[in-house]
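The values are calculated or read from the model by the stated rules, or taken from the named source; none is laboratory data. The model shown is predicted, which means the values in this text are computed figures rather than measured ones. Glycine gets a Cβ as well: all are built from the backbone with ideal geometry, and neighbour counts include every protein chain shown. Ligands, DNA and RNA are stripped out before the accessible areas are found, and what is left, the full protein with its side chains, is counted by its heavy atoms. Shrake-Rupley method; radii C 1.70, N 1.55, O 1.52, S 1.80 Å.
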Amino acid sequence: MSQTVLIKIRRKDNPNAAPYWETFELPEKPFANVISCLQDIQKNPVNIGGVRVKPVVWDCNCLEEVCGSCTMVINGKVRQACAALIDPLEKPITLEPMSKFPAVRDLQVDRARMFKDLEQAHAWIDIDGTHDIGEGPAIDQETRHKAYELSQCMTCGCCLESCPQYTLDNNFLGPAVFSQARYFNMHPTGAMHKDKRLEPLMKEGGIANCGNAQNCAAVCPKHIPLTESIAEIGRQTTFHLIKKLFVE
Amino acid sequence: MIKRQAKVVVVGGGLAGLSAAMKICEAGIRVVLVSHQPVKRSHSVCAQGGINAAIDSKGEGDSPDIHFYDTVKGGDFLAHQPLVNDMCHQAPAIIHLMDRLGVAFNRTAEGHLEFRRFGGTLYSRTAFAGATTGQQLLYALDEQVRRYEHDGLVEKLEWHEYLGVVLDESQVCRGGVFHDLRTGALFTISADAVILATGGPGQLYGKSTGSAVCTGSAAAATYLQGAKYGNGEFIQIHPTAIPGQDKLRLMSESARGEGGRVWVPKDPKDNRNPTEIPESARYYFLEENYPLFGNLVPRDVASREIYEVVYNKGLGVGGEAMVYLDLTHKSPEFLDDRLGGILDIYEKFTGDNPKTTPMKIFPAVHYSMGGLWVDYESDGNGLIDHQSPRNQMTSIPGLYAVGEVDYQYHGANRLGANSLLSCIYSGIMMGPGVANYTKTLDKAPEDIPSSVFDQARIKWESRFKEIKSMNGKENPYSLHQELGETLLANVLIVRENKKLEKTLLKIDEIETRFGDLQCLDTSDWSNPTPSFINQLYNMIHLSRIIAKGALLRDECRGAHYKPEFEIVQPDEFDPHEYIDYLEKKSYEEVREEAFPPGHLEYMKKFEENNNHWLKSSIAVYKSNQPEISYEDVDASQVTPRPRKYN
């Protein structure tokens, strides 16, 4: 074994336990990524002090950056562990759980709030039923292209981890939800229920709470134009407000 | 009488589970949706290239009948034909539904759905959303299920694992046993029916294109409780994947559908940069050997060809087990629009830009055609009776299986872009039948004696206590790796009986060593180790089904290739000769001269082999071993015949 890699992991046994750092020394392997290193720890859970410890716990699934599960903070940057190849990373490597979501254990956090917030924002198309009523609406290529950019959001939480407005204990919806509202409002059928999506975004925790730090778009692993979505939702909510004033 | 509201548990939140949940909610039935992870992170997100439907938007003359023919032929005629036929005829309606749900499918200039070509067909039949079609379809279904969750019809239990089924005294499924992966709590849920949509078993092989949760554990646990498991030996090896320590990442067939060419340098010592190797020094082996289908031969054929070129001819790139998949002749704009997602993955994981440098790829374990045996009811006209409670029901009454975990639809080899279709089709198709099943039940879940559920829970509590007390020498994760390496070495593209016999002995050894495991972590909170040990136990049993099924099947069919038993097709053979032969045979003695030399002998051998082996293999758990028997296949519509792609 010629080369080894040092990995420093911020661990926590349960949500109420104190966090602690633990370092592991692992053999360097070709094509290794953070996940394969964590798997190596499972096969030999011994820390750098030679002490046998409990294997590190983390979440992962697809391992090809399309499910969003293995998001964590690697060398200070929030990203997916599967796409973090070991070779280009600065050593020793540090792994930490995301800080904006309730801690579960070690690198695991609970992102349930993100899914609940999608429900608040009416993030779906209202269809009449699943029976066969023929083709969907025709959509021009440009609109489709824009929609596809937005539809790749994996609900991974990178944007929220980097957002100064989003905290563990507030109710800010955050860029991922704003962008999803824009996505559904862009669809010909989705647009019919535009208001249902805009109303919740105009309440406390909505679009007005965005501080325009623009960190979100910079960290998005899918390069979703989140700041553009925020601007667009800002525009849509303003129009909605004006429309409401006139109607009332 | 007050009508009671039925309750169905759906285990798994991929395309099959979500489409079943959506359809069942639509019938007003409550659904409890159980998943290891938030359903939006299910393995379906990994599907890339597209979903098939013979909409024929390009005027090529495609039709659901041709789709049906391509699919049963691609599967080497091992699939029940009424199901495949029904699926292919429902496919256009399914694509239109997904389109209505908002999936960002690629479009034509007129704004209609765009289609591209995929393997095993000559038609542009594959609708797609960039190269992340699975992810896009899954999100649309996830959104619809969220809508029902919002309306109170769906209760989601994410971070929960299915351990087994609850059977009453008549062996009818009355619910399931579940494990809370956070608190470690074990509990039962009573239900009118349980649907397993738990996906494939890629993790058996250690490294595959499968996700971390694709252990096949739920299917195996159910087999251990008496459910039949069908066609286990048919494991699809995808021809094009990229290497990794943790998994082998898929490089979609759509790369070839959009014009990607597979080649190796003619001279294995040619170490030039691939872009500097002239056309004359390249061996485009798929195009040369299969002029008609070219790079788009079905996956079993492509994987075998790559194996042949790399191992038997020694032509792998740089002497390694790799071939080139080349897209560099296409414009970057075209590639971004049609294949962006997968090309990004390639670049991220290898550091090379596939728009300027040919990709290096190799086959990887990808899909299980086999799975839990499930039933169906034909409508008598070659299609399926959608109201039948028998559709997708396992051999345990009240327990259903759907998606990759079932054994239907793909026979001995699945065609690309048919898995997304079969998952959504079967999930939707089974809905009315499940609703009808709940109406036939004489007892509501509440009327089942609580002792039935207590016993099931107590059994699992003692099982987990036992696992946590394991204090031997073996590491469960290392033992899993060894199991995977054994299967990779012996139950892959080319299979030999001697090696398969050794594999079964090795599995026995691994099972013995399982008894000497150490439970590395015995804590109660969010501890994956005991759960993994239980999964490993199930994986050992599932790998035995696959290896034993492969050992017993002495023939070549689809993904199951045993050179010892290969019936070599004459070069100039035309599959229609076989249809002629069968017809002639029905009214006269067929003479040698009626066909080109050697063809009759070949056809007789082929017929004899089909008489013996054109059957589903069915594994049943008996005295710690799979007992394998064979069931007839419904091939009533298209006559099984030799496959040919050149």
*asked:* Testing the spin-label approximation: label points 7 Å from Cα along Cα→Cβ at A:I133 and A:K77. State their distance in nm.
replied: 4.7
_Distance between the C-alpha centers of segment A:159-231 and segment B:573-619? Whole Å please._
64
*For the protein assembly as shown, build the charge dipole from Cβ charges (+1 Lys, Arg; -1 Asp, Glu) around the Cα centre, then report which of B:G50, B:N289, B:F532 sits farthest towards its positive end.*
B:F532
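Using a Förster distance of 56 angstrom, determine the FRET efficiency expected from the C-beta separation of B:N353 and B:N624, and round it to 0.05.
Details: r = 52 Å, r/R0 = 0.93.
With a Förster radius of 56 Å, E is 0.60.
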_Straight-line reach from A:K91: which aspartates and glutamates fall under 19 Å, measuring Cα to Cα and dropping same-chain residues less than 8 apart?_
A:E22, A:E25, A:E28, A:D40
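Consider all pairwise Cα distances in segment B:1-75 and report the whole-number % of them above 15 Å. Write down the numbers at each step before the final one.
Numbers: 1918 of 2775 pairs.
The share of Cα pairs beyond 15 Å in segment B:1-75 comes to 69 percent.
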*Considering the Cα trace of the protein assembly as shown, what is its radius of gyration and what is Dmax, both in angstroms?*
26.8, 91
*According to a simple spin-label model (label point 7 Å from Cα along Cα-to-Cβ), what is the distance in nm between A:Y20 and B:S280?*
7.0
*asked:* If I histogram all Cα-Cα distances within chain B using bins 20 Å wide from 0, what percent of pairs lands in each bin?
replied: 19, 54, 25, 2, 0
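If a/c stays under 1.5 just call it rounded; otherwise compare a/b with b/c (prolate if a/b is bigger, oblate if not). Do that for segment A:4-109, with a ≥ b ≥ c from the square roots of the Cα gyration tensor eigenvalues.
Working: a/c = 1.57, a/b = 1.04, b/c = 1.51.
The shape class here is oblate.
How much length is gained on full extension from B:A185 to B:Q387, taking 0.36 nm per residue of separation minus their Cα-Cα distance? Walk me through the numbers on the way to the answer.
Numbers: separation 202, 0.36 × 202 = 72.72 nm, distance 3.73 nm.
Roughly 69.0 nm would be gained on extension.
Relative contact order for segment B:453-552 using alpha-carbon pairs under 8 Å, separation at least 6, rounded to a whole percent?
Details: 88 pairs, mean separation 39.4, N = 100.
39 percent.
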_Taking amide H atoms as placed 1.01 Å from N in the peptide plane, list the residues 5 or more away in sequence, or in a different chain, whose amide H sits under 5 Å from that of B:E474._
B:L517, B:Q518
*asked:* Using square roots of five times the C-alpha gyration tensor eigenvalues, list the equivalent-ellipsoid semi-axes of segment B:425-548 in whole Å, biggest first.
replied: 34, 25, 13
*asked:* Whole-Hz ³J(HN,Hα) for each residue in segment A:155-161, computed from phi via Karplus 6.51 cos²θ - 1.76 cosθ + 1.60 with θ = phi - 60°, x for glycine and proline: what do you get?
replied: 6, 7, x, 4, 4, 6, 4
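Set the bar at 29 Å for Cα to Cα. Now go through B:K156/B:K439; B:K207/B:K473; A:K77/B:K465; B:K73/B:K228 and name every pair that lies beyond it.
Values: B:K156/B:K439 24 Å; B:K207/B:K473 24 Å; A:K77/B:K465 40 Å; B:K73/B:K228 25 Å.
Correct reply: A:K77/B:K465.
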_Isolated Cys residues of chain A, judged by Cβ distance under 4.7 Å to other cysteines_ = A:C37, A:C82, A:C153, A:C156, A:C158, A:C163, A:C210, A:C220
*asked:* Please compute, for the alpha-carbon atoms of segment B:480-636, the extent along each of the three principal axes and give them in descending order in Å.
replied: 75, 28, 27
*May I ask you to find the residues of segment B:522-537 that are shielded by at least 30 Å² of accessible area once the whole protein assembly is considered instead of their isolated chain (probe 1.4 Å)?*
B:W525, B:S526
*For A:T4, distant residues with modelled amide H under 5 Å away*: A:E28
*Between B:F334 and B:N273, what is the spin-label point distance in nm, taking each point 7 Å from the Cα along the Cα→C-beta axis?*
2.3
*Gap separating the Cα centres of segment B:116-189 and segment B:10-39, nearest whole Å*: 5
_List the trypsin sites (Lys or Arg not before Pro) within segment B:272-356 that DSSP assigns to loop and that have no more than 14 neighbouring Cβ atoms inside 10 Å._
B:R272, B:K313
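How would segment B:166-301 be classified by its alpha-carbon gyration tensor: rounded, prolate or oblate, with rounded meaning a/c under 1.5 and the a/b versus b/c comparison settling the rest?
Working: a/c = 4.02, a/b = 2.66, b/c = 1.51.
Judged from the Cα gyration tensor, segment B:166-301 comes out prolate (a/c at least 1.5, a/b above b/c).
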_Magnitude of the charge dipole, the protein assembly as shown, Cβ model with Lys/Arg +1 and Asp/Glu -1, debye to 20_ = 2300
_Cα-based shape type of segment B:238-362, given that a ≥ b ≥ c are square roots of the gyration tensor eigenvalues and the cut on a/c is 1.5_ = rounded
*Give the Rg/Rh ratio for chain A, taking Rg as the radius of gyration of the Cα atoms and Rh as the Kirkwood radius, to two decimals.*
1.06
*Given the options A:V177, A:V53, A:V219, state which has the largest fluctuation in a GNM of chain A using a 10 Å cut-off (strictly under) for Cα springs.*
A:V53
*Could you tell me what % of all Cα pairs in segment B:1-129 have separations over 25 Å?*
39
*In a Gaussian network model over chain A where Cα atoms closer than 10 Å are linked, find which of A:F31, A:F101, A:F178 has the largest mean-square fluctuation.*
A:F31
_Computed FRET value (nearest 0.05) for B:T440 with A:M202, which takes r as the C-beta separation and R₀ as 41 Å_ = 0.25
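Select from segment B:159-253 those GluC sites (Glu not before Pro) which occupy a DSSP coil region and have at most 11 other Cβ atoms within 10 Å, ordered by residue number.
On the way: sites: B:E161, B:E169, B:E233, B:E253; in loops: B:E169, B:E233, B:E253.
Sparse-neighbourhood loop GluC sites (Glu not before Pro): B:E169.
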*Report the accessible surface area buried between chains B and A, summing both sides, using a 1.4 Å probe on protein heavy atoms only, in Å² rounded to the nearest 100.*
6200
*Give a quick list of trypsin sites (Lys or Arg not before Pro) in segment B:431-479 that DSSP marks as loop, anything other than H, G, I, E or B, with at most 12 other Cβ atoms within 10 Å.*
B:K443, B:K473
*Give the residues of segment A:163-180 whose amide nitrogen is closer than 12 Å to a point set 7 Å from the Cα of A:A218 in the direction of its Cβ.*
A:163-164
*Share of segment B:238-362's accessible area from carbon and sulfur, percent, 1.4 Å?*
46
*Taking a threshold of 31 Å on the Cα-Cα distance, which of the pairs B:K247/B:K605; B:K266/B:K502; A:K116/A:K244 fall above it?*
B:K247/B:K605; B:K266/B:K502
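So what is the accessible area of the protein assembly as shown per residue, in Å², with the probe set to 1.4 Å? All intermediate terms of the calculation are to be shown ahead of the outcome.
Working: 32300 Å² over 894 residues.
I get 36 Å² per residue for this part.
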*For segment B:204-220 and segment B:274-350, what is the separation of their Cα centres, given in Å?*
27
